[in-house]
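Q: Dropping the structure in here first, questions after.
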Amino acid sequence: MKIILVTRSANSTLYLKSLDTTSSFPYERIREKHFKGGQEAALRYLLNLFEYDVDWVVNIDEDAFVFDPDRILKLIEYMDQFGYDFCGMPDGGVTRERKHNPIIPNAFFNIFRVSKIKINRSTILKQDFRNDLFKFLPEKLIKEGFDYTWNVKEKYYCLFFWLLRVGYKCLYLNGYDHSDGISTILQDHEGQDFLIHTWCARTYEVEVGQNQRIDEAYHYCLERKLQVISKQKV
């Protein structure tokens, strides 16, 4: 089974921090620097992931720090065993930071079975949200009092509208708010924490307050990684 980790990256310092947290992951990690910009670039980047000649692509933001890399492998094994084609955390209703469309997995972390998914770019670009997609709402993950909107917030949503419509199977992942009030702790299929995503990556090395918060999240990840290693040795 061939697996790669791919990151759309605009900041070398942040990318190296993220790279450091997955140093023990036994597969190639690729930095994509050619998709800088806003929503159009994000969509082109995600579509480009399906050009890799591999079985699975792990898409991970450069401000997403992994403290239990083994959980990613277990997640892929689970998806393979039970026929899931892609995964991610709903973009609304799960954390307070994201209040958008809950059937769309936010693109800070996804896994795609690219060997099976045969994309049609022209058809994907025409996709929009309609009532036929309501049935994909991951009701068990939606938290009471947490907002979401049936919107088309991001350009890349069209990819996921298409994936759902043509029958590819999504594994929705749970998450919760970190104590800094912005970052998200992501959980795997077993409800185990394995990653912290800070959001606001574009403000890194721009806003002092965000620098401090993201660096603190990185050190939080390193501390939790040591805890994971200690448990594995017991």
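Q: Any idea which residue in the range 85-104 is farthest from the chain's Cα centre (by Cα), counting only those that are surrounded by fewer than 24 Cβ atoms within 10 Å (Cβ to Cβ) and under 16 Å from Gln39 (Cβ atoms)?
A: Among them, the one singled out is His100.
Q: Against the conditions (1) farther than 22 Å from Gln232 by Cβ; (2) surrounded by 22 or more Cβ atoms within 10 Å (Cβ to Cβ), where does Lys2 fall short? Just the number, please.
A: Unmet condition: (2).
Q: Among the numbered conditions (1) in contact (Cβ under 8 Å) with a residue 12 or more places away in the chain; (2) closer than 30 Å to Arg44 by Cβ; (3) crowded, with 16+ Cβ neighbours inside 10 Å, tell me where Arg165 comes up short.
A: Tallying (1) in contact (Cβ under 8 Å) with a residue 12 or more places away in the chain; (2) closer than 30 Å to Arg44 by Cβ; (3) crowded, with 16+ Cβ neighbours inside 10 Å, Arg165 fails exactly one: (3).
Q: With the checklist (1) within 18 Å of Thr203 (Cα to Cα); (2) free of Cβ contacts under 8 Å to residues at least 60 places away in the same chain; (3) surrounded by 13 or more Cβ atoms within 10 Å (Cβ to Cβ) in hand, flag the one item Gly37 doesn't pass.
A: (3)
Q: Also, I was wondering about something else. Within the range 20-45, can you find the residues that are at pLDDT 95 or above and of a type in the set (A, V, I, L, M)?
A: Correct list: Ile30, Leu43.
Q: Let me ask something else about it. Going through the range 44-78 one residue at a time, which ones are within 22 Å of Arg165 (Cβ to Cβ), in contact with a strand residue (DSSP E or B) (Cβ under 6 Å, 6 or more places away or on another chain) and aliphatic (A, V, I, L, M)?
A: Passing the criteria: Leu49, Val57.
Matching residues to (1) closer than 27 Å to Gln192 by Cα; (2) among the hydrophobic types (A, V, I, L, M, F, W, C):
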position: Ile111; (1), (2): yes, yes
position: Lys118; (1), (2): no, no
position: Gln127; (1), (2): no, no
position: Lys135; (1), (2): yes, no
position: Pro138; (1), (2): yes, no
position: Tyr157; (1), (2): yes, no
position: Val166; (1), (2): no, yes
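Q: Test Tyr148 against the stated conditions and say whether it is touching a Lys or Arg at 6+ places or on another chain (Cβ under 8 Å), over 21 Å from Ser18 (Cα atoms) and surrounded by 19 or more Cβ atoms within 10 Å (Cβ to Cβ).
A: Yes.
Q: Give me the strands (runs of 3 or more DSSP E) completely within the range 37-113, filtered to those with at least 3 residues that are within 21 Å of Tyr156 (Cα to Cα), ordered by residue number.
A: In the range 37-113, the matching strands (runs of 3 or more DSSP E) lie at 56-60, 86-88, 109-112.
Q: Being touching a strand residue (DSSP E or B) at 6+ places or on another chain (Cβ under 7 Å), buried (at least 19 other Cβ atoms within 10 Å of the Cβ) and at pLDDT 95 or above is true for just one of Leu141, Leu171. Which residue is that?
A: So the residue among Leu141, Leu171 that is touching a strand residue (DSSP E or B) at 6+ places or on another chain (Cβ under 7 Å), buried (at least 19 other Cβ atoms within 10 Å of the Cβ) and at pLDDT 95 or above is Leu171.
Q: Output the number of residues of the range 158-184 satisfying the condition of being in contact with a Ser or Thr (Cβ under 8 Å, 6 or more places away or on another chain), among the hydroxyl-bearing types (Ser, Thr, Tyr) and not in a strand (DSSP E or B).
A: Of the residues in that region, 1 qualify.
Q: State whether the residues of the range 204-214 include one that is crowded, with 17+ Cβ neighbours inside 10 Å and either of a type in the set (A, V, I, L, M, F, W, C) or at pLDDT 95 or above (or both).
A: Within the range 204-214 (the criterion being crowded, with 17+ Cβ neighbours inside 10 Å and either of a type in the set (A, V, I, L, M, F, W, C) or at pLDDT 95 or above (or both)), the answer is yes, since at least one residue qualifies.
Q: Taking Ile119, is it in contact (Cβ under 8 Å) with a residue 40 or more places away in the chain, crowded, with 17+ Cβ neighbours inside 10 Å and more than 25 Å from Ile185 (Cβ to Cβ)?
A: yes
The values are calculated or read from the model by the stated rules, or taken from the named source; none is laboratory data. Predicted, not measured: the structure shown is a model, and the values here were computed from it. Neighbour counts are summed over all protein chains in view; Cβ atoms, including those assigned to glycine, are modelled from backbone coordinates with ideal geometry.
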